[in-house]
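Student: Quick one: structure below, then a few questions.
The values are calculated or read from the model by the stated rules, or taken from the named source; none is laboratory data. Predicted, not measured: the structure shown is a model, and the values here were computed from it. Cβ coordinates were reconstructed from backbone atoms using ideal geometry, including for glycine residues, and neighbour counts include every protein chain displayed.
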Amino acid sequence: MKIIDAYYHSTAESLFKPRAEIIREITDALTSCPYIFGKSSPTQIKRYVANRLNSQGWTDKVRVSHKIRTTVNFMKSDVAFALQLGNVARTYADLLKIAYLENKGVICLGVIALPSKKESTYLGTNYAKFERFRDELDVYANIIKVPLYVIALGN
């Protein structure tokens, strides 16, 4: 798997450099993943990335609030990371969870990785895709203020 594009939303670029080592752990886990996008690959990809990040001190399935069962995929220090390889609707749930954690002062930066448009089609119909998410963040920039580093994944 490779990173084929990236997008900084809000103040993410200024928050990126002080957290470069943490971001490198994410990108290393993604780019070292031997699996390619296909109908049965999301589970394998997620398991591989989870094992890599857990071995580097990342916590997975972090509860957003004690009042609800919702979790964010990974967290380390003041960075939350969501790996979205599912239905496009789940991307907005990830965004909401990351925005909530940032609003509560738990994190300073959110990272969301998702397939590019081309790779999304290999997973099925109505799957999350980088280009759509990036464009929607751009349109709603005055509303969605959470700092996000968004990563596009490809084969």
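Student: Scan the range 1-14 and report the pairs whose first residue is at pLDDT 95 or above and whose second residue is among the polar types (S, T, N, Q) and in a loop (DSSP other than H, G, I, E, B), with Cβ atoms within less than 6 Å and a gap of 6+ or a chain change.
Tutor: The qualifying pairs are I4/S116.
Student: Here's a check for you: in the range 73-87, which residue that is touching a strand residue (DSSP E or B) at 6+ places or on another chain (Cβ under 9 Å) and surrounded by fewer than 18 Cβ atoms within 10 Å (Cβ to Cβ) is nearest to P115 (Cα to Cα)? First the steps, then the outcome.
Tutor: First, pick out the residues of the range 73-87 that are touching a strand residue (DSSP E or B) at 6+ places or on another chain (Cβ under 9 Å): 73-76, 78-87.
From what's left, surrounded by fewer than 18 Cβ atoms within 10 Å (Cβ to Cβ): 78, 87.
Working: D78: 24, N87: 11 Å.
Here the residue is N87.
Student: (1) more than 21 Å from Y122 (Cα to Cα); (2) not in a helix (DSSP H, G or I): which one isn't true of P34, the others all being true?
Tutor: Answer for P34: the failing condition is (1).
Student: Also, I was wondering about something else. Just to be sure, is V62 touching a Ser or Thr at 6+ places or on another chain (Cβ under 9 Å), in a strand (DSSP E or B) and β-branched (V, I, T)?
Tutor: Details: touching a Ser or Thr at 6+ places or on another chain (Cβ under 9 Å): yes; in a strand (DSSP E or B): yes; β-branched (V, I, T): yes.
Judged against the criteria, V62 is a match.
Student: Listed residues R90, R132, R52; which is surrounded by fewer than 18 Cβ atoms within 10 Å (Cβ to Cβ), in contact (Cβ under 8 Å) with a residue 24 or more places away in the chain, among the charged types (D, E, K, R) and under 18 Å from I22 (Cα atoms)?
Tutor: Values: R90 fails: under 18 Å from I22 (Cα atoms); R132 fails: under 18 Å from I22 (Cα atoms).
None of the others qualify; the one that does is R52.
Student: In this structure, is D94 at pLDDT 95 or above and within 23 Å of F37 (Cβ to Cβ)? Explain how you work it out, then say what you get.
Tutor: Numbers: at pLDDT 95 or above: yes; within 23 Å of F37 (Cβ to Cβ): yes.
Yes: the conditions hold for D94.
Student: Taking the range 69-112 only, how many residues are on the phi > 0 side of the Ramachandran plot and in a strand (DSSP E or B)? Talk me through it step by step, then tell me what you get.
Tutor: Step one: of the range 69-112, the residues on the phi > 0 side of the Ramachandran plot are 77, 105.
Adding the requirement that they be in a strand (DSSP E or B) leaves none.
Going through the range 69-112 one residue at a time, the tally reaches 0.
Student: With respect to I45, is the statement that it is under 20 Å from I3 (Cα atoms), surrounded by fewer than 20 Cβ atoms within 10 Å (Cβ to Cβ) and in contact (Cβ under 8 Å) with a residue 24 or more places away in the chain true?
Tutor: On the way: under 20 Å from I3 (Cα atoms): yes; surrounded by fewer than 20 Cβ atoms within 10 Å (Cβ to Cβ): no; in contact (Cβ under 8 Å) with a residue 24 or more places away in the chain: yes.
No.
Student: Right, A99: more than 12 Å from the chain's Cα centre (by Cα), closer than 23 Å to R132 by Cβ and surrounded by 15 or more Cβ atoms within 10 Å (Cβ to Cβ) or not? Quick ask: steps written out before the conclusion?
Tutor: Numbers: more than 12 Å from the chain's Cα centre (by Cα): yes; closer than 23 Å to R132 by Cβ: yes; surrounded by 15 or more Cβ atoms within 10 Å (Cβ to Cβ): yes.
For A99, the condition - more than 12 Å from the chain's Cα centre (by Cα), closer than 23 Å to R132 by Cβ and surrounded by 15 or more Cβ atoms within 10 Å (Cβ to Cβ) - is met.
Student: Also, I was wondering about something else. Does any residue in the range 136-155 that is closer than 18 Å to V79 by Cβ and modelled with pLDDT of 95 or more come within less than 7 Å, Cβ to Cβ, of a residue that is basic (K, R) and surrounded by fewer than 22 Cβ atoms within 10 Å (Cβ to Cβ) six or more places away or on a different chain, and which pairs are these?
Tutor: V150/R134
Student: Can you go through Y127, Y140 and tell me which one is more than 17 Å from I45 (Cβ to Cβ) and either aromatic (F, W, Y) or surrounded by 15 or more Cβ atoms within 10 Å (Cβ to Cβ) (or both)? Please lay out each step first, then the result.
Tutor: Values: Y127 fails: more than 17 Å from I45 (Cβ to Cβ).
Testing whether each residue is more than 17 Å from I45 (Cβ to Cβ) and either aromatic (F, W, Y) or surrounded by 15 or more Cβ atoms within 10 Å (Cβ to Cβ) (or both) leaves just Y140.
Student: Do the conditions hold for I112, that is, is it within 20 Å of E21 (Cβ to Cβ) and modelled with pLDDT of 95 or more? Break it down into steps so the answer makes sense when it comes.
Tutor: Values: within 20 Å of E21 (Cβ to Cβ): yes; modelled with pLDDT of 95 or more: yes.
Considered against the rule, which asks whether it is within 20 Å of E21 (Cβ to Cβ) and modelled with pLDDT of 95 or more, I112 comes out as yes.
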